[in-house]
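S.K.: First the structure, which I've put down as structure tokens, then a few questions once you've had a look.
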Amino acid sequence: MSAADAVDIREVGPRDGLQIEEPIPTEAKLEFIDALVATGVRRIEVTSFVSPRAIPALADAEAVAAQLDRWPDVQFSALVASLGGARRALAAGVTHIEYVVSASDGHSQANVGRDSAASVALIAPIAELVHEAGGHLEVIIAIAFDCPFDGPTPPERVAEIARSAMASGADALAVADTIGTASPIRMVDVLGRVRAAAPATVPAVHLHNTRGQGLANAWAAYGAGVRRFDSAAGGLGGCPFAPGASGNIATEELAYMFEDGGIATGIDIDRALDAARLISGLLGKPVASNLLAAGGRSVPTR
């Protein structure tokens, strides 16, 4: 297998995975991050610089960012939804920035209080700010398939945002199935449109498993040329401003699927299960991982 066949997994548990949970102490988050680093993952979305009133679970963004030099070999990133959030992230020393743009007006209003076009218009000034700091900007297109308020998202709208994002200075793109409604055929269709609209980059995918299609969509995306995937330990996650949204695809399950097929991920699955088990204990509740429930890989009974 060539290096081009390998996949690059970004762990989003500390941000997307925790944003709808009751807040846990900063030290517990750092323990979780340490367990994630031990899995071999080399990219972690660590927090979000948004209003603490809106997302109280991530109110300690600056405190978490201040400790990230413990893991110098990991690329940490943070999600922002505004110029102010980007300024906060850069001031805290996080230079890999993800800016989220909803493809629907309904979700955009619920999530950030402005319509989708207004969010697109902010890409250029955020890109300028990030690049002046020597950083990297990824635009995540949320609600790329369906919106809980507006219904199906027109695929051409997703392609239009992708085109605008790259023209406005984005360094990378991601397509997000925020409420977990996509199926493989639609996944391939939307990715094809995005690649045609923005041929200079291959998008990442950010998948939720709300309707049990997450891994199938990941496999379809891989077949469509995608090599960068988001996932969360234990299958944690969900959007507080998208009714019905549930957890991300589980990191340990995504890695299991690819590794079992001979596709390298760099993830130690046993360590990934340890991380899922740890966050389950820290949250005091079970997580959605089927692989964790099964006890990991199959082993002989005699």
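The values are calculated or read from the model by the stated rules, or taken from the named source; none is laboratory data. Please read all numbers here as calculations on a predicted model, not as lab measurements. Neighbour counts run over all protein chains shown; Cβ positions are idealised from the backbone, glycine included. Accessible surface is based on the protein model in full, side chains and every heavy atom, while ligands, DNA and RNA are left aside. Shrake-Rupley method; radii C 1.70, N 1.55, O 1.52, S 1.80 Å.
S.K.: State all residues of segment 159-184 that are part of a helix (DSSP H, G or I) and charged (D, E, K, R); if no residue qualifies, say none.
M.R.: Glu160, Arg163
S.K.: Mind listing just one residue for me: the one in segment 159-195 that is open to solvent by 40 Å² or more (accessible area, probe 1.4 Å) and of a type in the set (D, E, K, R) and, of those, nearest to Leu137 (Cα to Cα)?
M.R.: Asp171
S.K.: Next question. What tally of residues in segment 1-15 results from selecting those that are of a type in the set (Asp, Glu) and either more than 16 Å from Ser280 (Cβ to Cβ) or loosely packed, with under 15 Cβ neighbours inside 10 Å (or both)?
M.R.: So the answer is 2.
S.K.: Can you tell me how many residues within segment 126-158 are part of a helix (DSSP H, G or I) and open to solvent by 10 Å² or more (accessible area, probe 1.4 Å)?
M.R.: 7
S.K.: Which condition from (1) under 17 Å from Val100 (Cβ atoms); (2) in contact with a helix residue (DSSP H, G or I) (Cβ under 9 Å, 6 or more places away or on another chain) is the one that Ala176 breaks?
M.R.: Condition not satisfied by Ala176: (2).
S.K.: Considering each residue of segment 22-34, count those that are more than 23 Å from Leu90 (Cβ to Cβ) and crowded, with 18+ Cβ neighbours inside 10 Å, and give that number.
M.R.: 1
S.K.: Further question: With respect to Asp230, determine if the residue is touching a residue at least 12 places away in the same chain (Cβ under 8 Å), assigned to a helix (DSSP H, G or I) and of a type in the set (Asp, Glu).
M.R.: no
S.K.: Report, by residue number, each residue of segment 58-77 that is open to solvent by less than 50 Å² (accessible area, probe 1.4 Å) and either in contact with an Asp or Glu (Cβ under 7 Å, 6 or more places away or on another chain) or of a type in the set (Lys, Arg) (or both).
M.R.: Passing the criteria: only Ser77.
S.K.: Find the residue count for segment 1-25, including only residues that are closer than 18 Å to Gly237 by Cα and in contact with a helix residue (DSSP H, G or I) (Cβ under 8 Å, 6 or more places away or on another chain).
M.R.: Matching residues across segment 1-25 total 13.
S.K.: Those residues that are assigned to a helix (DSSP H, G or I), farther than 19 Å from Tyr256 by Cβ and open to solvent by 30 Å² or more (accessible area, probe 1.4 Å), I need them from segment 196-224; list them, please.
M.R.: Across segment 196-224, the qualifying residue is only Ala196.
Each row is one residue, and each column tells you yes or no for (1) aliphatic (A, V, I, L, M); (2) farther than 15 Å from Gly237 by Cα; (3) part of a helix (DSSP H, G or I); (4) in contact with a Pro (Cβ under 8 Å, 6 or more places away or on another chain).
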position	(1), (2), (3), (4)
Met257	yes, yes, yes, no
Ile263	yes, yes, no, no
Gly266	no, yes, no, no
Leu273	yes, yes, yes, no
Leu278	yes, yes, yes, no
Gly281	no, yes, yes, no
Val287	yes, no, no, no
Leu292	yes, yes, yes, no
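S.K.: Going by what's in this entry, would Ala288 be described as open to solvent by 30 Å² or more (accessible area, probe 1.4 Å), small (Gly, Ala, Ser), within 23 Å of Gly180 (Cβ to Cβ) and in contact (Cβ under 8 Å) with a residue 12 or more places away in the chain?
M.R.: Yes; evaluated as a whole, the condition is true for this residue.
S.K.: Here's a check for you: in segment 100-121, which residue that is open to solvent by less than 40 Å² (accessible area, probe 1.4 Å) and not in a helix (DSSP H, G or I) is farthest from Ser164 (Cα to Cα)?
M.R.: Ser104
S.K.: Being among the basic types (Lys, Arg), at pLDDT 95 or above and either under 20 Å from Gly180 (Cβ atoms) or more than 18 Å from the chain's Cα centre (by Cα) (or both) is the requirement here; does Arg297 meet it?
M.R.: no
S.K.: Looking at segment 235-268, which of the residues that are over 14 Å from the mean Cα position of the chain (by Cα) and open to solvent by less than 10 Å² (accessible area, probe 1.4 Å) is nearest to Val175 (Cα to Cα)?
M.R.: Ala242
S.K.: Given the criterion in contact (Cβ under 8 Å) with a residue 40 or more places away in the chain and surrounded by 16 or more Cβ atoms within 10 Å (Cβ to Cβ), identify the matching residue among Val46, Val37, Val50.
M.R.: Val46
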